[in-house]
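To keep things clear, I will list the structure first and then write my remarks on it.
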Amino acid sequence: MNKTDRQLAIMLELQRSKVLRAEDLASTFETSVRTIYRDIQSLSEMGVPILGAPGQGYSLMEGYFLPPVGFSVEEAVAMLMGTDFIEQRLDGDYAVVAKAARRKIEAILPEPVRGESTRVRETMRLLQAGEPVTSLREKDNLGLARRAIMERRKLRMTYLKKMPETDGNRKSTREVAPYGLALVQGNWMLIAHCDLRQEIRHFRLSRMTGVTVMEDRFLIPNGFNLNNYRPLDDRNERVVILANPQIADKITETCHFYMESTEERKDGLIVNFLVRQPEELLSYILGWGGDVEVLEPETLRHRIREEAEKMLKRY
């Protein structure tokens with residue numbers, strides 16, 4: 001943070017917190033107490049009415065405010081929860097920026113709005129959809145992907161595919177032109193043109209290793225807009241199960257993307273899925289246990305039976 005930004009931030013902190021010691025400001029901005037003294041002196045010389053009380057700290061003169069920005073309680077809550085989300089879900093650079101933005105927003109809110117927005121936020125919690133971005137590798141991948149997108153440079157990586165090849169290998173080296181990032185069900189996905197497959201593919205950041213930003217540049221095709229982009233639906237394998245109607249909510253919650261239709265019958269609930277490969281549903285079906293039966297395809301029935309036999313041997 002440069003001197004000018006720090007001095008503006010000090011004024012915002014004083015407006016937000018009323019009274020602060022030099023030690024508190026030094027800790028907040030990760031600088032020395034002596035530097036804070038110099039900043040306070042510079043602000044005073046510029047006409048900012050900062051009062052200093054021995055043993056208490058610094059404060060702004062009563063009635064002095066930075067140019068106001070008016071927000072309703074609902075607007076303040078929306079913005080502050082937005083900074084919470086960014087801090088949780090983006091990489092370290094944006095986490096720092098989000099914290100700084102939150103301090104600035106809180107500083108310019110009138111006391112009644114600030115207090116009410118705090119009370120409202122305490123009644124809501126921003127739950128993570130899936131695991132938060134906590135691993136250092138995934139945060140690094142997010143930062144590298146953002147940089148490559150902004151600089152229009154290709155990425156090279158080793159990708160761990162969801163489904164293994166016939167030889168059991170899941171790793172694949174890819175060079176891609178990154179078009180954008182999307183947060184899907186709590187997971188960051190990179191939308192990129194894959195040189196190997198010669199088409200747009202989706203890559204989960206948590207499965208990317210050895211990511212490097214290449215010198216090779218690329219151009220995004222004319223007309224491509226991430227907000228309007230919709231992937232082609234290449235699900236063409238049908239899976240049919242007979243389920244206990246009592247777990248219909250569980251099936252819907254976990255496999256809504258794959259579901260095509262449901263039909264209530266006397267013997268249970270018929271659920272039709274469309275998938276790329278039947279094995280995509282394997283873990284879900286095993287998790288539903290004896291409450292479901294795979295009716296088709298036969299290959300998936302055999303696979304479920306094999307997994308059940310392996311489990312039985314362990315128990």
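Working note: Karplus 6.51/-1.76/1.60 with θ = phi - 60° gives the range 254-263 the couplings 9, 10, 4, 4, 8, 5, 10, 6, 9, 9 Hz, where Gly and Pro are set to x.
Calculated mean residue ellipticity at 222 nm for the chain: -13000 deg cm²/dmol, from DSSP H runs with n ≥ 4 weighted as -39500 (n - 2.57), summed, divided by the residue count and rounded to 500. Each residue of the range 283-288 is assigned a 3J(HN,Hα), and the resulting list reads 5, 5, 5, 4, x, 7 Hz, derived from the Karplus form 6.51 cos²θ - 1.76 cosθ + 1.60 (θ = phi - 60°), x at Gly and Pro. Taking label points 7 Å from Cα along the Cα-to-Cβ direction, K3 and D93 give a separation of 2.7 nm.
Accessible surface for the range 1-101, divided over its residues, is 58 Å² per residue with a 1.4 Å probe. Checking the Cα-Cα distances for K171/K313; K171/K250; K139/K310; K3/K154; K162/K250; K266/K313 against a 28 Å cut-off, the pairs over it are K171/K313; K171/K250; K139/K310; K3/K154; K266/K313. Considering only alpha-carbon pairs that sit under 8 angstrom and 6 or more positions apart, the relative contact order computed for the chain is 10 percent.
Computed extension length for E75-R217: 47.1 nm, one decimal, from 0.36 nm per residue of separation with the Cα-Cα distance subtracted. Annotation for the range 250-303: trypsin sites (Lys or Arg not before Pro) lying in DSSP loop with at most 13 further Cβ atoms inside 10 Å of their Cβ are K266.
Within the range 155-229, the chymotrypsin sites (Phe, Trp or Tyr not before Pro) that combine a DSSP coil assignment with at most 14 other C-beta atoms in a 10 angstrom radius are F224, Y229. FRET efficiency for the pair L136 and L226, taken as 1/(1 + (r/R0)^6) with r the Cβ-Cβ distance and R0 = 35 Å, rounds to 0.85. 3J(HN,Hα) couplings calculated from phi for the range 298-315 with the Karplus curve 6.51 cos²θ - 1.76 cosθ + 1.60 (θ = phi - 60°) are, in sequence order, 5, 4, 6, 4, 5, 5, 4, 4, 4, 5, 5, 5, 5, 5, 4, 5, 6, 10 Hz; Gly and Pro show x. Quantify, in whole percent, the carbon and sulfur part of the accessible surface of the range 160-249 (1.4 Å probe; protein heavy atoms only). Ligands and nucleic acids excluded, carbon and sulfur give 45 percent.
Per residue, the range 252-299 exposes 60 Å² of accessible surface when a 1.4 Å probe is rolled over the protein heavy atoms with every protein chain present. The range 42-60 and the range 264-284 have Cα centres separated by 68 Å. Simple rule: put +1 on each Lys or Arg Cβ and -1 on each Asp or Glu Cβ in the chain, find the dipole, and look at M1, H256, A145; the Cα lying farthest toward the positive end is M1. Please calculate how many Å² of accessible area the range 174-239 carries per residue, with a 1.4 Å probe and no DNA, RNA or ligand atoms counted. On a per-residue basis, the range 174-239 sits at 60 Å². For the pair H256 and K161, a Förster radius of 30 Å applied to the C-beta separation gives a FRET efficiency near 0.80, rounded to the nearest 0.05.
The values are calculated or read from the model by the stated rules, or taken from the named source; none is laboratory data. Small disclaimer: the values here were computed from a predicted structure and weren't measured. Virtual Cβ from ideal backbone geometry, glycine too; neighbours counted across all protein chains shown. Ligands, DNA and RNA are excluded from the accessible area calculation, which covers all protein heavy atoms including side chains. Shrake-Rupley method; radii C 1.70, N 1.55, O 1.52, S 1.80 Å.
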